[in-house]
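Reviewing the structure listed below.
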């Protein structure tokens, strides 16, 4: 027996009908044929994606570049410059390896889906399914927070260095 999981949303319920403003359920298999089309609520199927949208990869590369630029705020005399070159190289390699691996095995076609469609659909992982928007936030948050924090540290470092 072939089973397929779909995420269905009730589009007829009002936003105040439940705690989250929508009714989302997982349904396996086909719907029961006992309900007539007039009595069953209107559902729409959200697509599930198992690959990241290219915009998420671009945002990751942007956050990594921001992080690499922010660490250069600590540049100074001595060995600091050499260590910053090494760290920048590690950041470059950390971005290049996933970018190269994402292109391996593809037939050269570009991704034609819109980011809006991807983020409103579901993102399937090995263990769970979640909204695409939430998956993008969870993926981008650690590197983005590190870039913002490193920028703040660099600003404080430059201000304190010039004050003394």
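The values are calculated or read from the model by the stated rules, or taken from the named source; none is laboratory data. Not measured: the values here are computed from a predicted model. Neighbour counts are summed over all protein chains in view; Cβ atoms, including those assigned to glycine, are modelled from backbone coordinates with ideal geometry.
Listed here are the residues, each with its yes/no results for (1) surrounded by 12 or more Cβ atoms within 10 Å (Cβ to Cβ); (2) under 18 Å from residue 48 (Cβ atoms).
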position	(1), (2)
124	yes, yes
127	no, yes
136	yes, yes
142	no, no
146	yes, no
153	yes, no
164	no, no
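Residue 147 - would you say it is touching a residue at least 12 places away in the same chain (Cβ under 8 Å) and closer than 20 Å to residue 64 by Cα? Steps first, please.
Values: touching a residue at least 12 places away in the same chain (Cβ under 8 Å): yes; closer than 20 Å to residue 64 by Cα: yes.
Judged against the criteria, residue 147 is a match.
Could you pull out the residue among 62, 73 that is at pLDDT 85 or above, more than 27 Å from the chain's Cα centre (by Cα) and assigned by TED's automatic domain parsing to the domain that holds residue 126?
Result: 73 is the single residue among 62, 73 that is at pLDDT 85 or above, more than 27 Å from the chain's Cα centre (by Cα) and assigned by TED's automatic domain parsing to the domain that holds residue 126.
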